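Reviewing the structure listed below.
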Amino acid sequence: MFGLGAATRIYVATGATDMRLSFDGLHSLVIGQIRQSPQSGHLFLFANKRKDRMKIYFYDGSSAWVCARRMEQGRMRWPSSEDGHVQLTQAEFAMLLGGIDLAETRKRKWLRQPLDEVAEIS
């Protein structure tokens, strides 16, 4: 299983994805739609049109993983974006998996430094 470190980012493809895609197809979507490196170690999330199925693409340094989730009832409230992808925090990822609508939540105003800035300070 994979663990989420502090530097692990979570990217969501906001449009509908063909759930027949597997390793090579999702790899291509990471490059083309999300515009990230599939071997970065980050998580890449994809959902079907009905938002009752999800796939996660992840590269652990030596091999690629594709994990699937199928909802038996209900649907996920998938984030939306004009450019086809969004980045989630680990807390938002947990809320998405827990069935919480991210559009109905709001972030509190406090200092949130991007991980790149934190790494430069160290």
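Brief remarks follow.
- Residue 82/residue 8 FRET efficiency (R0 22 Å; Cβ-Cβ; nearest 0.05): 0.30
- Checking every one of the chymotrypsin sites (Phe, Trp or Tyr not before Pro) in the stretch 9-113 against DSSP loop status and a limit of 12 other Cβ atoms within 10 Å picks out 110.
- Sparsely packed trypsin sites (Lys or Arg not before Pro) within the stretch 15-58, loop by DSSP, other Cβ within 10 Å at most 14: 20, 35, 49, 50, 51
Rule-based calculations on the coordinates, nothing more; no lab input. In this text, all values refer to a predicted model and were calculated from it rather than measured experimentally. When we count neighbours, we look across all protein chains shown, and the Cβ atoms used for this are built from the backbone with ideal geometry, even at glycine.
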